[in-house]
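A.B. asks: One structure, pasted below without further comment.
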Amino acid sequence: MRLGLVNSNVVRRIGLSGFTLIEILLVLALLSLLVSLFIAGASNMFRSQEKTMDDIFWQAVQAARLQAVESDLDVELRYDEKKNQLRWGAGGTAGNLAWPGKSLEFLPTEKRDTILIGGQLTDTGKLSVVKFFADGSVENFRAQLTGSDGHISRLEIDPWTCAPIVRKQL
């Protein structure tokens, strides 16, 4: 009798000690979800993202401003159409960045002359250089960026902080 009792306990333990098929499938589904999220996040993190025209422009503006403040000299920023580069410098030191777009124009803020070209309003009356001063300010200007696809965007720069000015679109 005792032998039969031991056998029934062994049978009960064997039946209760495994996982059901639903539990195994649920764990596999959760693991595959976590792995797919990890792979997507890791690929986004390691993917080298191409810099846009705006990114290059702001990088050049900040570099010219920093050089002006550190060197205590006025620094000029210009767009070289032949080499398609943004160049800045003063006092024998200079920097440059390749321009990814079609063109870049520095425009005065006081004069708002625009003409209609190809269905887009285009500003006229450009500046050849923009000066950054040793106190961290810049002369008042706007920038008109033209992408390689012909898309035109305009940026306004705060003359005291060199930060973008965002205006509400009507």
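The values are calculated or read from the model by the stated rules, or taken from the named source; none is laboratory data. The structure displayed is predicted, hence computed values, not measured ones. When we count neighbours, we look across all protein chains shown, and the Cβ atoms used for this are built from the backbone with ideal geometry, even at glycine.
A.B. asks: Applying the selection to segment 56-74, what residues are of a type outside the set (Val, Ile, Thr) and out of contact with any Phe, Trp or Tyr (no Cβ under 7 Å at 6 or more places or on another chain)?
C.D. replies: Phe57, Trp58, Gln59, Gln62, Leu66, Glu70, Ser71, Asp72, Leu73
A.B. asks: Are any of the residues in segment 51-65 farther than 23 Å from Leu155 by Cα, assigned by TED's automatic domain parsing to the domain that holds Ser103 and not basic (Lys, Arg)?
C.D. replies: For segment 51-65, residues farther than 23 Å from Leu155 by Cα, assigned by TED's automatic domain parsing to the domain that holds Ser103 and not basic (Lys, Arg): absent.
A.B. asks: Could I ask something else about it? State the number of residues belonging to segment 49-80 that are among the polar types (S, T, N, Q) and within 17 Å of Asn96 (Cβ to Cβ).
C.D. replies: Within segment 49-80, residues that are among the polar types (S, T, N, Q) and within 17 Å of Asn96 (Cβ to Cβ) number 4.
This table checks each residue for (1) among the β-branched types (Val, Ile, Thr); (2) surrounded by 15 or more Cβ atoms within 10 Å (Cβ to Cβ); (3) modelled with pLDDT of 90 or more.
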site: Asn84; (1), (2), (3): no, no, no
site: Ala94; (1), (2), (3): no, no, no
site: Ala98; (1), (2), (3): no, no, no
site: Gly101; (1), (2), (3): no, yes, no
site: Thr109; (1), (2), (3): yes, no, no
site: Leu121; (1), (2), (3): no, no, no
site: Gly125; (1), (2), (3): no, no, no
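A.B. asks: Just one of the numbered conditions (1) at pLDDT below 85; (2) assigned by TED's automatic domain parsing to the domain that holds Arg78 is not true of Gln144; which one?
C.D. replies: It is condition (1) that Gln144 fails.
A.B. asks: Could you tell me whether segment 158-169 includes any residue that is at pLDDT below 85 and assigned to a strand (DSSP E or B)?
C.D. replies: Yes: segment 158-169 contains one or more residues that are at pLDDT below 85 and assigned to a strand (DSSP E or B).
A.B. asks: Do you know which residues across segment 129-157 are of a type in the set (D, E, K, R), assigned to a strand (DSSP E or B) and out of contact with any Leu (no Cβ under 9 Å at 6 or more places or on another chain)?
C.D. replies: Within segment 129-157, Glu156 is the sole residue that qualifies.
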